Amino acid sequence: MHGTVEITAPAGSAAAFYASPRGATAIAVLRERMAAFWPDLAGQSVLGLGFAEPYLPLWQNAAYRCLAAVPEKLAPAISRHACLVAEDRLPFPDLSFDRILLVHGVDVADDARRLLREVWRVLKDDGRILVVAPNRIGLWAHVESTPFGQGHPYSPGQLAALLAAGMFRPERRDAALFVPPTNIRAVLRGWPVWEQAGHAVARNLAGVTLTEAVKDAYAALPTGAVVRRQVIAPEPI
């Protein structure tokens, strides 16, 4: 049984959403998909960035450390377990984390590329990120009463292009939240059926897209550089 996180929930905040039946359903659905990407992070350093706290209990018992960082614009959603950060100046040393989970991160950032540049900096050279973003044509992106409807949605291709521009190499992708963003509890309780059916026949209509990417450590190296070597020619005989 995974743990829970106590979060203050001002009305209209991400925390308020996650304290609701719809939020509980989103947590259950996405934790299941996240666990498929990262089933075991024993001994790893993990950062949850954006509003990732509801999902970090997946790994917090086994991970070496598991931290939550909330950008200033999401400050009403912060709990006593998270630290408040500037999205373009993360307060962590270079190469600090093995895994970084971004939920309500790139989609609500003022500058998604600058955020990813900071993520690239604090991620270890063999590290991986998992980005969860609202799907542009999914229902959840169009319901403003959820945090998935508050920011900039992405198609899977757009998200892959954004990650590539941020010096990450996308490797795996999944889709989730096929259950409608309704308040009807009977519908929400049936989420396993909705997820199974959606994956089988309508993957492009998912509420969110999940993309795992690896840090491209070589992308920061200048291209076209000329390597000069000193060559000593033998004297003619």
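A quick yes/no check of all residues on (1) within 22 Å of residue 35 (Cβ to Cβ); (2) modelled with pLDDT of 95 or more:
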| position | (1), (2) |
| --- | --- |
| 186 | no, yes |
| 195 | yes, yes |
| 199 | yes, yes |
| 208 | yes, yes |
| 213 | yes, yes |
| 219 | no, no |
| 226 | no, no |
| 232 | no, no |
Original post:
From the list 107, 94, 125, which one is at pLDDT 95 or above and assigned to a strand (DSSP E or B)?
Top reply: 125
**OP:** With respect to residue 117, determine if the residue is surrounded by fewer than 24 Cβ atoms within 10 Å (Cβ to Cβ), in contact (Cβ under 8 Å) with a residue 12 or more places away in the chain and not in a strand (DSSP E or B).
**Re:** yes
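Among the residues of the range 167-186, what is the count of those that are outside any strand (DSSP E or B), free of Cβ contacts under 8 Å to residues at least 60 places away in the same chain and within 13 Å of residue 26 (Cα to Cα)? Can you show your working first?
Pass one, the range 167-186, residues outside any strand (DSSP E or B): 167, 177-186.
Keeping just the survivors that are free of Cβ contacts under 8 Å to residues at least 60 places away in the same chain gives 167, 178, 180, 184, 186.
Within this subset, residues satisfying the condition of being within 13 Å of residue 26 (Cα to Cα) are 178, 180.
Counting residues in the range 167-186 that are outside any strand (DSSP E or B), free of Cβ contacts under 8 Å to residues at least 60 places away in the same chain and within 13 Å of residue 26 (Cα to Cα) gives 2.
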Subject >> Residue satisfying condition, being of a type in the set (D, E, K, R), over 24 Å from residue 15 (Cβ atoms) and out of contact with any Phe, Trp or Tyr (no Cβ under 8 Å at 6 or more places or on another chain), within set 169, 185 >> reply: 169
Original post:
Among the candidates 102, 84, which residue alone is in contact (Cβ under 8 Å) with a residue 24 or more places away in the chain and either surrounded by fewer than 22 Cβ atoms within 10 Å (Cβ to Cβ) or touching a helix residue (DSSP H, G or I) at 6+ places or on another chain (Cβ under 8 Å) (or both)?
Top reply: 102
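The values are calculated or read from the model by the stated rules, or taken from the named source; none is laboratory data. These numbers come from a predicted model, not from an experiment. In this analysis, Cβ positions are derived from the backbone assuming ideal geometry, glycine residues included, and neighbour counts consider all displayed protein chains.
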